[in-house]
Amino acid sequence: MPSKKSSGKPAQAAGACANPASCLMKWATRAVIAFVVYLTCSFLDRIKDRWYVFTPESLHELAQAAVRAHPGDINSIIPYIVSNLTTEYPSSVIALNPNSSEWVLNNAGGAMGGMYIIHASITEYLIIFGTPLGTEGHTGMHTADDYFNILVGEQWAFDPPKLEMEVYRPGEVHHLPRGHVKQYKMHEGCFALEYARGWIPLMLPFGLADVFSSTLDYWSFYHTVRITARENIRNLLIGKI
(Lines give C-alpha, C1' and ligand atoms only; values in the text may rest on other atoms or scores of the structure.)
Protein backbone atom coordinates (compact mmCIF):
# COMPACT_ATOMS: atom_id res chain seq x y z
CA MET A 1 0.00 0.00 0.00
CA PRO A 2 1.63 3.27 -1.04
CA SER A 3 2.49 5.61 1.79
CA LYS A 4 1.07 9.15 1.92
CA LYS A 5 3.47 11.85 0.88
CA SER A 6 4.20 14.63 3.29
CA SER A 7 3.11 18.11 2.22
CA GLY A 8 6.60 19.32 2.87
CA LYS A 9 5.37 22.09 5.23
CA PRO A 10 6.09 21.83 8.96
CA ALA A 11 2.99 21.60 11.13
CA GLN A 12 2.14 24.92 12.76
CA ALA A 13 2.48 24.87 16.55
CA ALA A 14 -0.79 24.85 18.41
CA GLY A 15 -1.88 28.35 19.30
CA ALA A 16 0.74 29.99 17.06
CA CYS A 17 -0.34 33.05 15.12
CA ALA A 18 -0.35 32.60 11.34
CA ASN A 19 -0.27 36.35 10.75
CA PRO A 20 2.06 38.28 13.11
CA ALA A 21 0.56 41.63 12.10
CA SER A 22 -2.94 40.39 12.89
CA CYS A 23 -1.79 39.04 16.26
CA LEU A 24 -0.10 42.31 17.12
CA MET A 25 -3.25 44.24 16.27
CA LYS A 26 -5.38 41.89 18.39
CA TRP A 27 -3.18 42.30 21.46
CA ALA A 28 -2.90 46.06 20.93
CA THR A 29 -6.71 46.28 20.84
CA ARG A 30 -6.96 44.27 24.06
CA ALA A 31 -4.41 46.51 25.74
CA VAL A 32 -6.29 49.66 24.69
CA ILE A 33 -9.60 48.24 25.98
CA ALA A 34 -7.97 47.28 29.29
CA PHE A 35 -6.46 50.75 29.60
CA VAL A 36 -9.78 52.46 28.87
CA VAL A 37 -11.54 50.25 31.46
CA TYR A 38 -8.83 51.11 34.01
CA LEU A 39 -9.17 54.85 33.34
CA THR A 40 -12.97 54.65 33.56
CA CYS A 41 -12.87 52.75 36.85
CA SER A 42 -10.28 55.15 38.28
CA PHE A 43 -12.39 58.14 37.29
CA LEU A 44 -15.59 56.68 38.76
CA ASP A 45 -13.75 55.79 41.97
CA ARG A 46 -12.61 59.40 42.37
CA ILE A 47 -16.11 60.85 41.96
CA LYS A 48 -18.17 58.22 43.79
CA ASP A 49 -18.51 60.48 46.85
CA ARG A 50 -21.03 62.64 44.99
CA TRP A 51 -23.54 59.75 45.07
CA TYR A 52 -23.44 59.20 48.84
CA VAL A 53 -26.50 60.30 50.81
CA PHE A 54 -25.68 58.95 54.27
CA THR A 55 -22.65 59.86 56.34
CA PRO A 56 -20.94 57.56 58.86
CA GLU A 57 -21.19 60.31 61.48
CA SER A 58 -24.94 60.85 61.17
CA LEU A 59 -25.67 57.12 61.25
CA HIS A 60 -23.45 56.70 64.30
CA GLU A 61 -25.36 59.49 66.06
CA LEU A 62 -28.65 57.81 65.13
CA ALA A 63 -27.43 54.46 66.45
CA GLN A 64 -26.34 56.08 69.71
CA ALA A 65 -29.70 57.83 70.07
CA ALA A 66 -31.51 54.53 69.49
CA VAL A 67 -29.37 52.80 72.12
CA ARG A 68 -30.07 55.57 74.63
CA ALA A 69 -33.81 55.52 73.91
CA HIS A 70 -34.18 51.72 74.10
CA PRO A 71 -31.16 50.17 75.82
CA GLY A 72 -30.90 46.45 75.19
CA ASP A 73 -34.23 46.29 73.31
CA ILE A 74 -33.54 45.47 69.66
CA ASN A 75 -37.27 45.13 68.91
CA SER A 76 -37.74 48.80 69.79
CA ILE A 77 -34.41 50.02 68.42
CA ILE A 78 -35.13 48.89 64.85
CA PRO A 79 -38.42 50.84 64.38
CA TYR A 80 -36.79 53.83 66.08
CA ILE A 81 -33.99 53.82 63.48
CA VAL A 82 -36.29 53.23 60.50
CA SER A 83 -38.74 55.93 61.61
CA ASN A 84 -35.95 58.47 61.98
CA LEU A 85 -34.45 57.59 58.60
CA THR A 86 -37.75 57.89 56.73
CA THR A 87 -38.38 61.25 58.42
CA GLU A 88 -34.87 62.59 57.75
CA TYR A 89 -34.43 61.46 54.13
CA PRO A 90 -37.15 62.27 51.56
CA SER A 91 -38.22 59.53 49.15
CA SER A 92 -37.25 61.78 46.24
CA VAL A 93 -33.60 61.59 47.32
CA ILE A 94 -33.18 58.01 48.50
CA ALA A 95 -35.39 54.91 48.57
CA LEU A 96 -35.61 53.11 51.91
CA ASN A 97 -37.26 49.81 52.78
CA PRO A 98 -39.53 50.34 55.84
CA ASN A 99 -40.70 46.70 55.91
CA SER A 100 -38.80 45.38 58.93
CA SER A 101 -40.40 41.93 58.51
CA GLU A 102 -38.12 41.23 55.50
CA TRP A 103 -35.42 39.34 57.37
CA VAL A 104 -33.26 36.81 55.49
CA LEU A 105 -30.55 34.45 56.69
CA ASN A 106 -27.04 35.19 55.49
CA ASN A 107 -23.83 33.13 55.53
CA ALA A 108 -20.59 34.90 54.67
CA GLY A 109 -17.00 34.31 55.67
CA GLY A 110 -17.99 31.51 58.03
CA ALA A 111 -20.38 33.72 60.02
CA MET A 112 -24.15 33.32 60.00
CA GLY A 113 -26.90 35.70 61.00
CA GLY A 114 -30.03 37.45 59.86
CA MET A 115 -30.22 40.73 57.98
CA TYR A 116 -32.86 43.30 57.22
CA ILE A 117 -31.99 45.46 54.20
CA ILE A 118 -33.00 49.07 54.86
CA HIS A 119 -31.24 50.50 51.80
CA ALA A 120 -29.35 49.07 48.83
CA SER A 121 -27.87 50.99 45.92
CA ILE A 122 -24.72 50.79 43.81
CA THR A 123 -22.63 52.91 46.19
CA GLU A 124 -24.28 52.41 49.60
CA TYR A 125 -26.07 49.82 51.67
CA LEU A 126 -27.60 49.97 55.13
CA ILE A 127 -28.76 46.87 56.99
CA ILE A 128 -29.50 45.54 60.44
CA PHE A 129 -27.40 42.40 60.96
CA GLY A 130 -27.19 40.09 63.93
CA THR A 131 -28.19 36.89 65.66
CA PRO A 132 -29.51 35.89 69.08
CA LEU A 133 -27.18 32.85 68.99
CA GLY A 134 -23.79 34.43 68.37
CA THR A 135 -21.47 33.88 65.41
CA GLU A 136 -17.85 34.24 64.29
CA GLY A 137 -16.05 34.57 60.98
CA HIS A 138 -13.92 36.48 58.48
CA THR A 139 -14.87 40.04 57.55
CA GLY A 140 -13.95 39.52 53.90
CA MET A 141 -11.92 41.95 51.80
CA HIS A 142 -14.14 44.60 50.25
CA THR A 143 -14.14 47.55 47.85
CA ALA A 144 -16.15 49.60 50.36
CA ASP A 145 -15.65 51.04 53.83
CA ASP A 146 -17.79 49.23 56.38
CA TYR A 147 -19.17 50.79 59.57
CA PHE A 148 -20.61 48.40 62.16
CA ASN A 149 -22.67 50.34 64.74
CA ILE A 150 -23.35 48.04 67.68
CA LEU A 151 -26.96 48.30 68.90
CA VAL A 152 -27.16 45.50 71.46
CA GLY A 153 -24.66 42.87 72.59
CA GLU A 154 -20.94 42.93 72.00
CA GLN A 155 -18.55 42.37 69.10
CA TRP A 156 -14.91 41.33 69.29
CA ALA A 157 -12.31 41.66 66.52
CA PHE A 158 -8.76 40.47 65.87
CA ASP A 159 -6.49 42.49 63.58
CA PRO A 160 -3.03 40.89 63.17
CA PRO A 161 -0.25 41.70 63.91
CA LYS A 162 -1.91 43.44 66.87
CA LEU A 163 -2.48 40.64 69.38
CA GLU A 164 -4.91 42.52 71.61
CA MET A 165 -8.63 41.93 71.19
CA GLU A 166 -10.77 44.82 69.97
CA VAL A 167 -14.07 45.19 71.85
CA TYR A 168 -17.13 47.07 70.58
CA ARG A 169 -20.17 47.67 72.77
CA PRO A 170 -23.60 49.31 72.21
CA GLY A 171 -23.23 52.85 70.88
CA GLU A 172 -19.73 52.18 69.52
CA VAL A 173 -18.76 51.80 65.87
CA HIS A 174 -16.35 49.32 64.32
CA HIS A 175 -14.87 50.76 61.12
CA LEU A 176 -13.36 48.33 58.61
CA PRO A 177 -11.52 50.31 55.88
CA ARG A 178 -11.82 48.97 52.37
CA GLY A 179 -9.15 46.43 51.49
CA HIS A 180 -8.65 45.55 55.17
CA VAL A 181 -9.51 42.21 56.80
CA LYS A 182 -10.14 40.98 60.34
CA GLN A 183 -11.51 38.08 62.31
CA TYR A 184 -14.64 39.01 64.23
CA LYS A 185 -17.05 37.50 66.72
CA MET A 186 -20.57 38.60 67.64
CA HIS A 187 -21.70 37.34 71.01
CA GLU A 188 -25.17 36.01 71.77
CA GLY A 189 -27.83 38.62 71.15
CA CYS A 190 -25.58 40.99 69.20
CA PHE A 191 -27.20 43.18 66.53
CA ALA A 192 -25.72 46.08 64.61
CA LEU A 193 -26.59 48.80 62.13
CA GLU A 194 -24.15 48.11 59.30
CA TYR A 195 -23.36 50.80 56.73
CA ALA A 196 -21.12 50.30 53.71
CA ARG A 197 -20.08 52.95 51.19
CA GLY A 198 -18.12 52.20 48.04
CA TRP A 199 -18.70 49.81 45.14
CA ILE A 200 -21.39 47.59 46.65
CA PRO A 201 -21.93 45.13 43.73
CA LEU A 202 -18.33 43.92 44.14
CA MET A 203 -19.20 42.86 47.71
CA LEU A 204 -21.98 40.52 46.60
CA PRO A 205 -19.83 37.46 45.78
CA PHE A 206 -18.60 37.36 49.38
CA GLY A 207 -22.14 37.62 50.69
CA LEU A 208 -23.56 34.94 48.40
CA ALA A 209 -20.74 32.44 47.74
CA ASP A 210 -21.55 30.21 50.73
CA VAL A 211 -24.88 29.33 49.14
CA PHE A 212 -23.07 27.43 46.37
CA SER A 213 -20.13 26.10 48.38
CA SER A 214 -21.85 24.89 51.54
CA THR A 215 -25.36 25.88 52.63
CA LEU A 216 -27.32 25.30 49.38
CA ASP A 217 -29.90 27.65 50.91
CA TYR A 218 -31.36 28.80 47.61
CA TRP A 219 -34.50 30.14 49.29
CA SER A 220 -32.50 32.72 51.26
CA PHE A 221 -30.42 33.37 48.14
CA TYR A 222 -33.58 34.11 46.16
CA HIS A 223 -34.92 36.55 48.75
CA THR A 224 -31.55 38.28 49.12
CA VAL A 225 -31.26 38.80 45.36
CA ARG A 226 -34.93 39.80 45.05
CA ILE A 227 -34.81 42.44 47.77
CA THR A 228 -31.39 43.76 46.74
CA ALA A 229 -32.41 44.06 43.08
CA ARG A 230 -35.74 45.67 43.96
CA GLU A 231 -34.11 48.30 46.20
CA ASN A 232 -31.38 49.04 43.64
CA ILE A 233 -33.99 49.56 40.92
CA ARG A 234 -36.08 51.82 43.19
CA ASN A 235 -33.03 53.98 43.81
CA LEU A 236 -31.91 54.08 40.18
CA LEU A 237 -35.39 55.26 39.17
CA ILE A 238 -34.94 58.39 41.32
CA GLY A 239 -31.35 58.93 40.21
CA LYS A 240 -29.64 57.50 43.29
CA ILE A 241 -26.58 55.52 42.21
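Here are some notes:
- Degrees, to the nearest 10: 56-69 long Cα axis against longest axis of the chain: 30
- Candidates Ala31, Ala209, Ala69, ranked by Gaussian network fluctuation over the chain, Cα under 10 Å, top entry: Ala31
- Computed over the chain: relative contact order in percent, which uses C-alpha pairs under 8 Å that are six or more apart: 21
- Per residue accessible area in Å² of the chain, where ligands, DNA and RNA are left out and the probe is 1.4 Å: 57
- Compared with the rule-of-thumb size 2.2 N^0.38 Å for a compact globular protein, the range 20-100 has a Cα radius of gyration ratio of 1.98.
- Descending semi-axes in whole angstrom, ellipsoid equivalent of the range 53-171, from the Cα gyration tensor: 24, 17, 15
- Cβ-Cβ distance of Ile241 and Ala18, R₀ of 51 Å, FRET efficiency by 1/(1 + (r/R0)^6): the value works out to about 0.65.
- For Pro177, neighbours were defined as the other residues whose beta-carbon sits under 10 Å from its Cβ, and their charges (Lys and Arg +1, Asp and Glu -1) total -1.
- C-alpha long axis of helix 20-47 to longest principal axis of the chain, angle in °: 10
- Angle in degrees between helix 74-88 and the longest Cα principal axis of the chain, rounded to the nearest 10: 80
- Farthest toward positive dipole pole in the chain [+1 Lys/Arg, -1 Asp/Glu at C-beta], among Val37, Ala196, Trp27: Trp27
- Dipole magnitude for the range 138-241: computed about the Cα centre from +1 point charges on Lys and Arg Cβ and -1 point charges on Asp and Glu Cβ, it is near 440 debye.
- Percentage of interatomic Cα-Cα distances in the range 113-155 larger than 14 Å: 59
- Here the Debye sum runs over all C-alpha atoms of the chain as equal scatterers in vacuum, and log10 of I(q)/I(0) at q = 0.14 Å⁻¹ comes out as -0.94.
- Whole-Hz couplings from phi, Karplus 6.51/-1.76/1.60, listed for the range 101-111; x for Gly and Pro: 8, 8, 8, 10, 6, 9, 10, 7, x, x, 9
- Overall, the chain carries a charge dipole of about 1800 debye about its Cα centre when +1 sits on the Cβ of Lys and Arg and -1 on the Cβ of Asp and Glu, all other atoms neutral.
The values are calculated or read from the model by the stated rules, or taken from the named source; none is laboratory data. Every value quoted in this text rests on a predicted model; they were computed, and no experiment measured them. Cβ atoms come from the backbone with ideal geometry, glycine included; neighbour counts cover every protein chain shown. All accessible areas refer to the heavy atoms of the entire protein, side chains included, with ligands and DNA or RNA removed. Shrake-Rupley method; radii C 1.70, N 1.55, O 1.52, S 1.80 Å.
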